[in-house]
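The values are calculated or read from the model by the stated rules, or taken from the named source; none is laboratory data. Computed from a predicted structure; not experimentally measured. Reconstructed Cβ throughout: ideal geometry from the backbone, glycine too, with neighbour counts over all protein chains shown.
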Amino acid sequence: MSTRVTYGVVDYAVGALILAVPVGIGIWYAVKDFHRSTRDEYLLGGRQMAILPVTLSTFISFVSSVSLMGTPAEVFFFGGIGFSMYLGLGLSYFIGCVTVVPLVQPLKLTSVYEYLQLRYRSSAVHILGTSIGMVQTMFYQAIVLLLPAIALQSCANVPLWISVAVFGAVGTVYTTVGGFKSVIWTDVFQTVVVFAGLFLIIIKGCIEVGGVHRVWALSSEGGRLNFYRFSPDPRTRHTQWSLILGCIVLWISNSYTQANVQRISSLKSLGDAKKSFLLNIPFMLLIGVCNSFLGLVAYAYYSHKKCGPFEAGLISNRNQIAPYFVLNAMADMPGISGLFLGVLCCGSLSTLSSGINAMAANTIQDFLKRPLGSVKEATITFITKLFVLIYGAVAILLAFFMAEFMTGPATQMTMAILSALGSPVMGIILMGASIPWANKYGALAGVAVSLCFNLWMGIGSVFHSQPPTPLAPLTTENCLVTNSTDFQVSSAVYTHQANLSASEVFSTTVSSSDMKIAGSRDVFFLYEISYEWYPVAGGLVCITTGLVVSFLTSLRSDGKAFCGFPSGSTEAKYIFPFLRRFWGLGDGVDYKFDDEIDDNENTKFDISKEDDVKNGQLNLEKIYPLLKNPRAF
């Protein structure tokens, strides 16, 4: 195989076109909504968005370049068991449909962290949750910016700093000028590009190898069809238990991120928000199948060619395998490599635009709401745009800094970071929405202990655990290595798999192919826990600590706990709807009284209406507020 491959003029043209469309959409909405400069319009689309665009935006915002590059690489080197994570992600949307959506949408929040202020009546909990959430978002933006830049560097020798700067600038510009609507409709365009690109590349790859049956046969011979592993040992890197349960918890924590709640709040009704969440399930499963099968196709291709790119030193970072495969296998189809580059850009830009828009909303709503209380809406909107610009620049700078550490599996590093920072915030939201007597002291203690626990476990694994061991490597007998330095990444010098650097950040114990017991080495047990269990462990530590502290701080002077909810109690609307009756809190509906009752037919009581009389009995839920207002009869 020739090693000297690169992008052509057509590839760059396709990539540039895909980058130009989002900017055009941003400018369109900047002009179109120029005279509607309000926070709701800029940050939430006026709360009148349609279901399908928001669904696609929610989906693509969390299907970043991490999954588009990371999942094929995971399957290529570690096998197909990685697909199970998408089963967990799909289930998490169903759980979110009955938890986060009916809780958040009726509250009409601009920032998700406003819930912490309302629920715990504590500015300290509010600010702490917001700060952690924003740090998590910023690190995630840096990772998704970096991966397509690594792809360009490996395949076209484009300096990493140029790629990061260009991708970051494009995402920042269209988000700044166009606001939430440009983010949503750009995400729709990017979803179409991602699926079209993946379908085309998979079909062409199968043809190159000799058909789907040949891809399956070669993958089976190489041990890549290891879809099942039910080991009870939490130190095993990937099992069905860790992948499904870990991703359920991780994605539930993502349901409580600012970007997701903005989309929930942008829809017209609670019913629309629920439908949008459920529609994400088939999209998530479809992208999981595409990403995983792309990894199998790439493995079959190089197995067929008898040349392993990583083993031969043609690439120096495992995360580069998907773009490098496209560049080789699609060499006879000009523009396809550029299309895949566009797919990666779409994954990065959708996540970046959502993230910086979300952080700007957090800054205005959580930190500056009071100082800006008397400022005109147009001025606040302008300030919000400035913060979008600032956060875009910070994400670019952080991506430069993180380039040195992106040598390990991208999905593993990303999940570890999201879990470490996301599980404490998820924990106090779940605790507050489930337990009425949970209080601010429990929330503060839960976040502090969970954060320290996660960092201790994660940092300990970096210094004490073994890097993941890939499955059997490919042969290099047909590789014509003439000048492999053309494809090296400046941030990571080529290292053979047997001597992987300890800088594979957040790598954990044994791999799916290495079933030895890590405890045989003199390493503390927690440092050997699979990174897939981080969100579960962090969430449990947070909730357990929070409930214990809440109970202790609600004791009376005689040492007995309060009965009922006179201390640390909360309103029904801040508890999950399916738990309100369990706690005896009613349905959480805010009824109107006296002069708040409108003289319209919706508030009139009519004994002839079926809704007002059920099974021969009066509908008391509708009569109750009307008893205070006789003119409503």
Pick from segment 344-360, criterion farther than 13 Å from P22 by Cβ and among the small types (G, A, S), ranking: nearest to the chain's Cα centre (by Cα): G355
Selection count, segment 29-79, where residues are farther than 19 Å from V104 by Cα and small (G, A, S): 9
Candidate set from segment 530-548 (those that are surrounded by 21 or more Cβ atoms within 10 Å (Cβ to Cβ) and over 19 Å from the mean Cα position of the chain (by Cα)); member that is farthest from I428 (Cα to Cα): S530
Filter pass, G458 being in contact (Cβ under 8 Å) with a residue 60 or more places away in the chain, closer than 24 Å to P234 by Cα and buried (at least 24 other Cβ atoms within 10 Å of the Cβ): no
Subset of segment 163-195 [more than 12 Å from S353 (Cα to Cα), in contact with a helix residue (DSSP H, G or I) (Cβ under 8 Å, 6 or more places away or on another chain) and aliphatic (A, V, I, L, M)]: V164, A165, V166, V188, V193, V194
Residue in segment 159-179 that is free of Cβ contacts under 8 Å to residues at least 24 places away in the same chain and either among the β-branched types (V, I, T) or assigned to a helix (DSSP H, G or I) (or both) present: yes
Lone unmet requirement of (1) touching a Gly at 6+ places or on another chain (Cβ under 7 Å); (2) more than 21 Å from A73 (Cα to Cα) for Y302: (2)
From S266, S255, S219, S242, residue being in contact with a strand residue (DSSP E or B) (Cβ under 6 Å, 6 or more places away or on another chain), under 26 Å from S64 (Cα atoms) and of a type outside the set (D, E, K, R): S266
Single condition S253 does not satisfy, out of (1) closer than 14 Å to Q136 by Cβ; (2) part of a loop (DSSP other than H, G, I, E, B); (3) of a type in the set (G, A, S): (2)
Residue check, G179 on the phi > 0 side of the Ramachandran plot and crowded, with 24+ Cβ neighbours inside 10 Å: yes
Residue check for L386: touching a residue at least 60 places away in the same chain (Cβ under 8 Å), out of contact with any Phe, Trp or Tyr (no Cβ under 6 Å at 6 or more places or on another chain) and in the same structural domain as R36 (by TED's automatic domain parsing): no
Filter pass, L344 being surrounded by 24 or more Cβ atoms within 10 Å (Cβ to Cβ), part of a loop (DSSP other than H, G, I, E, B), touching a residue at least 12 places away in the same chain (Cβ under 8 Å) and not aromatic (F, W, Y): no
Counted residues, segment 461-480 - those being crowded, with 17+ Cβ neighbours inside 10 Å and either closer than 30 Å to K306 by Cβ or of a type in the set (G, A, S) (or both): 11
Any helices (runs of 4 or more DSSP H) falling wholly within segment 46-150 and containing at least 2 residues that are under 29 Å from A445 (Cα atoms) and free of Cβ contacts under 8 Å to residues at least 60 places away in the same chain: none
Residue identified as assigned by TED's automatic domain parsing to the domain that holds A73, touching a Leu at 6+ places or on another chain (Cβ under 9 Å) and not hydroxyl-bearing (S, T, Y) among F180, F227, F199: F180
Residue count for segment 549-571, restricted to those that are loosely packed, with under 15 Cβ neighbours inside 10 Å, among the hydroxyl-bearing types (S, T, Y) and modelled with pLDDT of 55 or more: 1
Single match in A378, A395 (criterion: in the same structural domain as F34 (by TED's automatic domain parsing), under 21 Å from I143 (Cα atoms) and either out of contact with any Phe, Trp or Tyr (no Cβ under 6 Å at 6 or more places or on another chain) or not aromatic (F, W, Y) (or both)): A395
Filtered residue count, segment 177-216, keeping only those that are within 21 Å of N260 (Cβ to Cβ) and among the β-branched types (V, I, T): 6
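Just to check your reading of the model, which residue among A13, A30, A20 is free of Cβ contacts under 8 Å to residues at least 40 places away in the same chain and not β-branched (V, I, T)?
Working: A13 fails: free of Cβ contacts under 8 Å to residues at least 40 places away in the same chain; A30 fails: free of Cβ contacts under 8 Å to residues at least 40 places away in the same chain.
Matching residue, one of A13, A30, A20: A20.
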